[in-house]
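Here the structure comes first, spelled out in structure tokens, and everything after it is commentary.
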Amino acid sequence: MKYRRESFGTIDGQTIWQYWLENSQGYQLAVTEYGATITHLIMPDKAGKMANVVIGYDHLGDFVKQQAYFGATVGRVAGRIAHGTFELNGHKYQAPINNGLNTNHGGPHSFESQIWHSAVVEKNDAISIVFTLTSPDGENGFPGNLAVTTTYTLNEANEWLVDYQAITDKTTLFNPTCHVYLNLTGDFDQLVGKHTLQIDSDRFGAIQPDGLPTGELVPVTGSVFDLRQPQPLQAAFDSSAEQNTLVNGFDHPFLLNQTQNTADAILRDPESGRSITINTQGNAIVVYTANGFGDEPNLTDKAIQPHQAVAIEAQMMPDAIHHAGFGNIVLQPGEQYHRQTRYQLN
Ligand code: G6D
């Protein structure tokens, strides 16, 4: 294992560092202090050809311009909170509305666009970059001083790991995710329709057209949401029967069955032979098939376009604070939060 650190640019005169981790088989993971963001993930295809498989840029300025959470750590709360309101211990809180009528991804200028502190931890068979951030009491309406750690690890077993840790001094909400967008072809001129996706989930969360979960858990049987066997993503782009449910693709949470010794999700590109197997300690995976962009900088010499990648966001169910059965995202003082997601790169 080895790593190098380089300047990724400056913000207000402060150097923002980027780290390149590399294992002995040439797999590389690059991460930066800006948003505790993954900027590159380089892995081989079936012929051994190395390519970057995540949306990212070579320049910090492009990350600052985009608003699609490319590769970022999302928090304090991934996904929507209905109307940005929630109640804890009898107190009502209001987070700023930044997505239609709701709060999305922790509100504006949240974890994804903050500068994290970084440190390196080296072991024989793994290197980790530990990013830390303190989110002050009341930031974006959330109670409690929250000390957060995002740790990215690359190891000699060709695994990439994401670990979140946190402590708070007041009861608060916490549900972070890793917003990496994958395109396993390694060629961003190609869309991800031919990728197959498998998810160990019997029920998905229905959403309104604005992306807010309705609270309903719908059996996947007989629909394009049935990913219990691998299915091409193209089916979700083409399906006319399910146009009322789809939003130019998926932007839906899947409640995981959490079956022992079964992968939670497998994303595969049959042509390149690349695949990523995901196991998480959260209860959900949100699949977002990049259904539309704003004016995000190009990835190739053409304008960025829908379906150029897919985000597979391991987390607890979105808007869990408002729906029994969506899981617990309340963090209490004295509690040491830890959640891990493991990505096996093949
Ligand atoms: C998320 O669910 C959301 C999308 O609706 C959003 O647009 C995207 O992040 C940037 O996954």
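Rounded, prolate or oblate for region 182-292? Axes are the square roots of the Cα gyration tensor eigenvalues, ordered a ≥ b ≥ c, and the cut-off for rounded is a/c under 1.5.
oblate
Taking only Cα atoms and a 10 Å spring cutoff, compute GNM fluctuations for the chain and point out the largest among Leu184, Leu299, Leu21.
Answer for the Gaussian network model of the chain: Leu299.
Shape of the chain from its Cα gyration tensor (a ≥ b ≥ c, root eigenvalues): rounded if a/c is under 1.5, otherwise prolate when a/b > b/c, or oblate?
rounded
So what J values fall out for region 277-290 if you push phi through Karplus, 6.51 cos²θ - 1.76 cosθ + 1.60 with θ = phi - 60°, rounded to Hz, Gly and Pro as x?
Each residue's phi maps through the Karplus curve to give 9, 10, 10, 10, 8, x, 9, 8, 10, 8, 9, 10, 8, 6 Hz.
Only helical DSSP H runs with n ≥ 4 go in: add -39500 (n - 2.57) per run for the chain, normalise by residue count and round the 222 nm mean residue ellipticity to 500 deg cm²/dmol.
Theoretical 222 nm ellipticity from helices: -500 deg cm²/dmol.
Placing +1 on the Cβ of each Lys and Arg and -1 on the Cβ of each Asp and Glu in the chain, which of Asn52, Asn175, Ile11 has its Cα farthest towards the positive end of the resulting dipole?
Of the candidates, Asn175 comes out farthest on the positive side.
Could you let me know the centre-to-centre spacing of region 279-311 and region 29-94, using Cα atoms, in angstrom?
Answer, in whole Å: 10.
Could you work out the relative contact order of the chain? I mean the mean sequence separation of Cα pairs under 8 Å and 6+ apart, divided by the number of residues, in percent.
Relative contact order here is 17 percent.
About the Cα centre of the chain, how large is the charge dipole given +1 on each Lys and Arg Cβ and -1 on each Asp and Glu Cβ? Please answer in debye to the nearest 20.
Around 340 debye, computed over the chain.
Which far-off residues, 5 or more places away or on another chain, put their amide H under 5 Å from the one on His40, with H placed in the peptide plane?
Ala30
Once amide H atoms are placed 1.01 Å from N in the peptide plane, what residues at a sequence separation of 5 or more from Leu331, or on another chain, have their amide H within under 5 Å of its amide H?
Under 5 Å from the amide H of Leu331 lie the amide H atoms of Thr172, Leu173, Phe174, each far enough along the sequence or on another chain.
I'd like the trypsin sites (Lys or Arg not before Pro) in region 265-305 restricted to DSSP loop residues with at most 10 other Cβ atoms within 10 Å, sorted by number.
When the trypsin sites (Lys or Arg not before Pro) of region 265-305 are filtered for loop state and at most 10 Cβ neighbours within 10 Å, Lys302 remain.
Whole-Hz ³J(HN,Hα) for each residue in region 208-223, computed from phi via Karplus 6.51 cos²θ - 1.76 cosθ + 1.60 with θ = phi - 60°, x for glycine and proline: what do you get?
7, x, 7, x, 6, x, 7, x, 7, 9, 10, x, 6, 3, x, 9
Residue separation times 0.36 nm, minus the C-alpha to C-alpha distance between Gln67 and Val330: what's the value?
Difference between extended and current length: 92.0 nm.
Taking only C-alpha pairs under 8 Å that are 6+ residues apart, what is the relative contact order of region 244-346 in percent?
29 percent
Since every read-out is calculated from the coordinates, none of them should be taken as a lab result. Note that the structure is predicted; figures quoted are calculated from it, not measured. Cβ: placed from backbone, ideal geometry, glycine included. Neighbour counts: every protein chain shown.
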